[in-house]
Structures are given as C-alpha cells and as structure tokens.
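Input: a single structure, listed below in structure tokens.
The values are calculated or read from the model by the stated rules, or taken from the named source; none is laboratory data. Since this is a predicted model, take the numbers as computed values, not measurements. Here the Cβ positions follow ideal geometry from the backbone for every residue, glycine too, while neighbour counts run over all protein chains shown. For accessibility, only protein heavy atoms count, side chains too; no ligands or nucleic acids. Shrake-Rupley method; radii C 1.70, N 1.55, O 1.52, S 1.80 Å.
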Amino acid sequence: MNADPGVSRPEESGLPGLALPVLDDDLAARLQSRLERVERALEGHVVSRAPFVTEAASHLLAAGGKRVRPLLVLLAAECGPTPDSDEVVTAACVVELTHLASLYHDDVMDEAALRRGADSANARWDNHVAILTGDFLFSKSSELTADLGADAVRIQAETFTALVEGQILETLQPGPGQDPLRHYLDVVAGKTGSLIATSARYGAIFGGASGDVQAALTAYGEIVGSAFQLSDDILDIASESDESGKTPGTDLREGVPTLPVLMARASTDPADARLRELLGADLTDDALHAETLTLLRAHPAMDEARAYVVDQAGRAKQLLSALPEGPVRQALEAFADVIAVRST
Ligand code: FPP
Ligand code: MG
C-alpha cells in the first residue's frame, strides 16, 4: 500500500508504515509510534527457547504484512481516554499473532507456495513445521491474552471458534436449499470478519471507550472485516503475484467459489457459456485454470463484486455516526475506504 498517495511508510527504518492515509499529523504520529511499539513487542513474542522454532515463527512476521489488525486496535483505542496504555499494545499483538498463526495453517490447507512475497512455511520447510509453528504462535497469543483478563480471554476464544468454523465451512458445500452467496458470506464473516471485529472491539475496550462506542466499533469491524476478505478474494483473481505476494487464482484452483465467481455463475448471458462451464470444472489443470482466470478477469462480475464491497464499506461508515466527529472518525472512515478498494 506504500504506493498510495498519503500513506506513510518509513522505508529507511524497515518498520511498517500506516496502511491508510491519516490526514491529521498528530494522530498519524501517535499511531506510527504505537505501531512501532507493537512491532518491537511482536519480535519478542515470536522468540522460543528452541532456535529453530524462533526461525520458523519469525519467518512470516519478517516477510512483511500490512499490520491491518493491530492498526485497527490502535485506531479504535483512540476513541477512549487510554489509547496509549500497555494493554492496547498487548491487544494489538494478540490479534496479529492470532492472524499470523492462521496464515501458517491456511497455507497448508491451500497448499500455497507464496505468502507475503516469501516462501510459505510449508514450502520453505514442510506441513508439519507449518502447522506446529501456527500452534506455537496461537499459544503465544493466548499467553498474552491472559495478561488482559478473563473477558479478553473469552473474546479471543470465541473469535478462534468463529475463525475455525468459517475455515471449516469453506471446505463444505452450502446446505440443501441454502443460497451459495449466503454460505460464502457466512464463511467470510467467520474466517476473517471475526478477528477484525475483535481488533476493533479490543481497541475500544482497552482504550476505555464507552459501551455504546464499543458496540458501534465491533459492528463496524464485522462489516469492514468481511469487506477485507471480499477484496482479498477479488485480488486473488485480479492481481499478479508480484503485486499480492501470493499465487493468483488459488481459490479457483482449490474450487472455492468467491464473490466474482458466484456473480459470474448467476449470469444467463449465452456469451458466458464457456466461463460457466469452466467454473463447474476441475481447475487443477493448468490450461483450464489459466483460461478461466483470463475470462473471469474480463467479466463484468469483477466490477459487480467491487461495487458490492464499496457498498459494504458505506454501511460500515454509517455505524461511525455513534462516534464524535474528528480526525479519529475520519481515519476510521478512510480505513473502510482503503479496505474496499485495496490493491494489495
Ligand atoms: C485466509 O483465507 C484464511 C483465514 C483468514 C483464516 C484461516 C483460519 C484457520 C486456518 C484456522 C486456524 C486458525 C488459527 C488461529 C491457528 P484465504 O485463503 O482466502 O486468504 P489468503 O489469500 O490470504 O490465503
Ligand atoms: Mg489462503
């Protein structure tokens, strides 16, 4: 996202910049400095007494990432009187470590070769290392959550349940009579929306925001979180691997129908007959996969899917009316916009 105008990224320091434009300089500086605290803390949390485990657990952390979830914790915390507390930084580490853990497991399930522009852990080592490193990172996240108290532990456990349910649901077909779009949106809300909603909720709680603001930010996070995955799924089709740091078309190859696919399948245009046929076929074949990717990239379903995500971002922004007007609300609005039209 560093190519976006207004997005700061201090390349020289090797630290992640803010993955969104923040117009207010003071707010941008506060967020940047706390994100650096989070980064230093994360580097410590992935250290194990076994050097090999440290190496494997540092692998994807060091490979990059936008730190979207920690940033949302820090931003939501600005809605209360204690945005600078150690608990806010700890909560930001909890969500990033949980996310990181899920990536190690996800790449095993997807047999993915690339992540964040680097070899996935399963490609670099093997599935066993990747799975156990994911477990290690999730355990580290849980240890940290214990420092935040029983409510935070319960929230993290519920989030983990939703993450895993969403991920399992993705491997299943929609139930009898169930709308495939509804099934897909349930998957997305579970596997991605839940942790992003928890990021906003943790920020609001540990920043000391009122109950109303906590509820508004949690609802905002659920919508923005799902929108983030919908954009990711569009990018899986639209982008090249040098842009995304991942292998394009993974969902198609795995037979996982995502928003553009569901929308293209609904087309009754005879000109789409070949695409519809391909979308019902086994796309592990390289030639069929490439043909499908080309047809889908040029299909109006791509823009239809993008418009749906922009609409969701609009819904999320409406929920922010519970917050006072000002730079923090503006930044949360920008966050929803950036997620809806993300390019990485
Ligand atoms: C990415 O989906 C996957 C997720 C957001 C969730 C994965 C969750 C698990 C594997 C459950 C286990 C969780 C933990 C915490 C150990 P994607 O494949 O569509 O996205 P991608 O394009 O980034 O690969
Ligand atoms: Mg994946």
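Only a single item in (1) assigned to a helix (DSSP H, G or I); (2) modelled with pLDDT of 90 or more is not met by D242, and it is number (2). For the stretch 69-97, taking the residues that are open to solvent by 10 Å² or more (accessible area, probe 1.4 Å) and part of a helix (DSSP H, G or I), the one that is farthest from ligand 2 (Cβ to nearest atom) is identified as D86. Within the stretch 18-47, the set of residues being buried (at least 16 other Cβ atoms within 10 Å of the Cβ) and either in contact with a Phe, Trp or Tyr (Cβ under 6 Å, 6 or more places away or on another chain) or among the polar types (S, T, N, Q) (or both) comprises L20, Q32.
Restricting attention to the stretch 291-303, does a residue exist that is open to solvent by less than 10 Å² (accessible area, probe 1.4 Å) and within 20 Å of L23 (Cβ to Cβ)? Scanning the stretch 291-303 turns up no residue that is open to solvent by less than 10 Å² (accessible area, probe 1.4 Å) and within 20 Å of L23 (Cβ to Cβ).
Scanning the stretch 100-116 for residues that are more than 9 Å from ligand 2 (Cβ to nearest atom) and modelled with pLDDT of 95 or more gives L100, A101, S102, Y104, H105, V108. Taken together, G190, G203, G211 contain a single residue that is more than 27 Å from P83 (Cα to Cα) and among the small types (G, A, S), which is G190. Residues in the stretch 209-227 that are open to solvent by 40 Å² or more (accessible area, probe 1.4 Å) and small (G, A, S): S210, G211, A215.
So that you can scan it fast, the table gives a plain yes or no per residue for (1) at pLDDT below 95; (2) within 16 Å of ligand 2 (Cβ to nearest atom); (3) over 27 Å from A118 (Cα atoms); (4) of a type in the set (D, E):
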position	(1), (2), (3), (4)
L169	no, yes, yes, no
Q178	yes, no, yes, no
S194	no, no, no, no
R201	no, no, yes, no
G255	yes, yes, no, no
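Just one residue in the set R201, R182 is assigned to a helix (DSSP H, G or I), open to solvent by 60 Å² or more (accessible area, probe 1.4 Å), away from ligand 1 (no atom under 16 Å from the Cβ) and within 30 Å of P324 (Cα to Cα); that residue is R201. The single condition among (1) under 26 Å from E165 (Cα atoms); (2) open to solvent by 30 Å² or more (accessible area, probe 1.4 Å) that R115 does not meet is (2). Taking L172 as the residue in question, decide whether it is buried (at least 17 other Cβ atoms within 10 Å of the Cβ), of a type outside the set (S, T, N, Q), over 30 Å from H45 (Cα atoms) and within 16 Å of ligand 1 (Cβ to nearest atom). Criteria not met by L172. Taking the numbered list (1) more than 11 Å from ligand 1 (Cβ to nearest atom); (2) crowded, with 20+ Cβ neighbours inside 10 Å; (3) aliphatic (A, V, I, L, M) in turn, A123 passes all entries but (2).
Take the residues of the stretch 143-169 that are within 13 Å of ligand 1 (Cβ to nearest atom) and open to solvent by less than 40 Å² (accessible area, probe 1.4 Å): which is nearest to D251 (Cα to Cα)? Among residues in the stretch 143-169 that are within 13 Å of ligand 1 (Cβ to nearest atom) and open to solvent by less than 40 Å² (accessible area, probe 1.4 Å), the one nearest to D251 (Cα to Cα) is Q167.
Of the residues contained in the stretch 120-129, one or more are found to be closer than 19 Å to K246 by Cβ and either at pLDDT below 95 or among the aliphatic types (A, V, I, L, M) (or both).
Across the stretch 243-276, the qualifying residues are those that are of a type outside the set (A, V, I, L, M) and more than 15 Å from ligand 1 (Cβ to nearest atom), and the one among them that is most open to solvent (accessible area, probe 1.4 Å) is T268. Is there a residue being of a type in the set (S, T, N, Q), part of a helix (DSSP H, G or I) and under 25 Å from the mean Cα position of the chain (by Cα) anywhere in the stretch 290-312? Yes, the stretch 290-312 has at least one match.
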